[in-house]
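None of the figures in this text is laboratory data; all of them are computed from the coordinates on show. This one's a predicted model, so the numbers in the text were calculated from it and none came from an experiment. Virtual Cβ from ideal backbone geometry, glycine too; neighbours counted across all protein chains shown.
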């Protein structure tokens, strides 16, 4: 009788152990985010299963969140869709050929030669519209013309100059090339196949949707975008964005002088293997292909998230307890 009881207890322990081990990474993540007062939500998908989705603060997992500059990553996907469909010939296509009407007379002669690749990799060479220049830029009467009329401070295709103006010009060029607003493209080419809501967002004085900021998605939708990126452009069996574009997008093209992270076509690339969109305040859409992880993080959109501050904490979260969930 004693032997039988011992055998049953041993068998029960063996069955329980995997559950205990699976729970430990989630508990570690939960403990890590508990003191992070700026963080709103974290969602993690491993393979085909969402293994963590909690919102200790903020509006919750199914409410719209301003994804800030993660919008740049969405616009980059839309460029890939436009190339896939033949609306744009390729990344080497020049602005003066794709949308000549956008180039103002006040622009430097070299501006017409800026390529789609220069814009999507934030290497247009034009003076930045982000940071201290952002307020004056969005107060101008023509955001595209203002961005393109700024002085060239670097060679196009050279160093990375983080500028929402570059992505806004790209979005406007895509609208010309496709004959569709950025909102329509986002809904048709991402919203419909991923079954996510993409509401209207900020527009410039000419009616162009802001390319590179102010889009809103639910954390659940952000996780679907991360899954698309992780799975090389596929989502639930459908090739939504070509694999070749995803591969090109996650190939290093430049390096951020602020975070030190590499940058591809709209996505930052971490040494540990993440491709991620990053938005002001700590909004993150991330994929780790080798670990089979997709991640969405939302945070207070009104507080800064500097590389040596809160964003650094989020990277520690990604590289620590979240990456541990791949096991």
Original post:
Can you give the angle from 0 to 90° between the axis of helix 219-230 and the longest principal axis of the chain, with both taken from C-alpha atoms, to the nearest 10?
Top reply: 80
Original post:
For 74, 322, what's the fewest-to-most ordering of other Cβ within 10 Å of each Cβ?
Top reply: 74, 322
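Taking neighbour counts of Cβ atoms within 10 Å as a proxy for exposure, in what order, fewest first, do 153, 111 appear?
153, 111
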Original post:
Out of every Cα pair in the chain, what percent are spaced more than 33 Å from each other?
Top reply: 27
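Please give the per residue volume of the convex hull enclosing the alpha carbon atoms of the range 208-327, rounded to a whole number of Å³.
Here the figure is 123 Å³ per residue.
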Subject >> the chain: calculated mean residue ellipticity at 222 nm from DSSP helix runs of at least 4, using -39500 (n - 2.57) >> reply: -10500 deg cm²/dmol
**OP:** Return a whole-number percent for the relative contact order of the range 36-326, with Cα pairs under 8 Å and 6 or more residues apart as the contact set.
**Re:** 24
